[in-house]
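Each remark here refers to the structure printed beneath this line.
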Amino acid sequence: MSYEVLHGDCREVMAGMDECSVDSIVTDPPYGLSFMGKGWDRGVPGVEFWVEALRVAKPGAHLLAFGGTRMVHRLAVAIEDAGWEIRDRIHWVYGSGFPKSHNVSKAIDKAAGAEREVVGFQPRGRSVNTSFMSGGNNITAPATPEAQQWDGWGTALKPAVEPIILARKPFKGTVAANVLEWGTGAINVDGCRVGDDVRHNPSCMNSGGTATPVLTQGRETQGRETQGRFPANLIHDGSDEATAGMGDASRYFYCAKASKRDRDEGLREWRDHDSPGVLQTRQDGGLDGAKTQPRKNHHPTVKPTDLMAYLCRLITPPGGTVLDPFNGSGSTGKAAVREGFNYIGCELDPEYVEIARARIAAGVPA
C-alpha cells in the first residue's frame, strides 16, 4: 500500500500521471457556492478537470463526486461532457444542517432604518427568525407594517442532503471481460451490504488479504461480513430528522457527519518543526504567558472517514488505487488507506497538503 498527496493544480498534476493508471476516483470538489467566502468555491470544476480525470482512469473505473444541491446539475453536465457515463446519484441525508436563509422581514426593517424590539432570546444553534448575539440569538419583532406582512418569510431551505454523482469510464466489450482485463467496471455489492445477519464471505477481504471491517449502524464487525441488504443510493446520518418516516432505516447505510476527533486525528502530536514555515502550533494565553496547543483541522467541508471508506470500498477493486483530485484535508486518503487501497491526492493549498499528510498517516493500519 502506498499513498501520496501532491501539491499543485490537479489538472497539471493529473497531466503528469500515466494514462489508465487509477482504479477509482472519489472526490469532494468545490460546489460553486462561494462557501464561507472561500475563493476556491466560486465555481464548479469544468469539463477540463474531468477530461484529465478520464484519461488517468482505467476503462470501467468509477467516479464518485459530491455536489451541492443548487449546482450539482452543472457538475453532472461537466462530468458527462468530458466523456464519463452517468450511472446513478447517491444521496447522503443528514439532520444537522444549519439554515442559511435570509430573513425578509428583518431586511425590510433594516432598509427602512427601523429598529426592531427584542422580545425574547433563543440559545445558539436553534433555527429561528433571529439576529445573532453572543451565546445565542435575540428574537425580535417586526417594526414596520411591511415587515409585519412578510414576517416568517425567508430565502432558502434547510440543507439536509448532499448528492453524490456516480459515473463510469466507458469501455469496449462486456463488463465481465473488462473486469478480467482491468479489474474495474463493477461495484462491490457484497462488501457494502447493510444489515446485521452475519455470514462469512471471502469477498470482504481487502488488498492485504485480511478481512475488511464492515460498518453496520456505526458498529464495526471485525473479520466478518453481514449478509444484509443490497446497498442503496441513499445514505443517512442516523438522526431523527433524517430517518423520520423511513420505517426500517437500518436498511440504508448509516454515517454521521465528521466528529471533532475524526477531523483532528493525526494532528494532535504534530509539531511545526515537521513542516517549517507552513504550519505552526496555535498559541493561547494572556499576560502570564502563552500555552501551546495542537494544530486543528480548520478545513470547512471535512467529510467523515466512515462515509469515504464506504464509498472507496464500493467502487475500488482489491489492491486498487484511489485518486482524489480535490484532496482538501485528506478525508478520502485517510479512508482509502484504512481500507487497504493505494491513494493519490491533489491539493492546491500547501497548508491543507500538510494537514492531509498527517491525517492520512494516522489512518494507516498498525
Cut-off 12 Å between beta-carbons: net charge of the residues surrounding Tyr343, Lys and Arg +1, Asp and Glu -1: 0
Fully extended contour minus Cα-Cα distance, from Lys158 to Ile139, at 0.36 nm per residue: 4.9 nm
Potential lengthening between Glu19 and Leu234 on full extension [0.36 nm per residue; Cα-Cα distance subtracted]: 74.2 nm
Filtered GluC sites (Glu not before Pro), the range 309-366: DSSP coil and at most 14 other beta carbons within 10 Å: none
Solvent-accessible surface (1.4 angstrom probe) belonging to Tyr31, in square angstrom, nearest 10: 40
Residue-level accessible surface for His91, protein heavy atoms, 1.4 Å, Å²: 70
Accessible-area value, Ser101, 1.4 Å probe, nucleic acids and ligands omitted, Å²: 50
Candidate residues Asp81, Asp190: accessible-area rank, largest first, probe 1.4 Å: Asp81, Asp190
Largest-first ordering by accessible area, 1.4 Å probe, given options Tyr343, Tyr3: Tyr3, Tyr343
Added length on full extension, which subtracts the Cα-Cα distance from 0.36 nm per residue, Met1 to Ala114: 34.3 nm
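The values are calculated or read from the model by the stated rules, or taken from the named source; none is laboratory data. In this text, all values refer to a predicted model and were calculated from it rather than measured experimentally. Every residue, glycine as well, gets a Cβ built from its backbone with ideal geometry; the counts of neighbours run over all protein chains shown. Remember, those area values only see protein heavy atoms, side chains included, never the ligands or the DNA or RNA. Shrake-Rupley method; radii C 1.70, N 1.55, O 1.52, S 1.80 Å.
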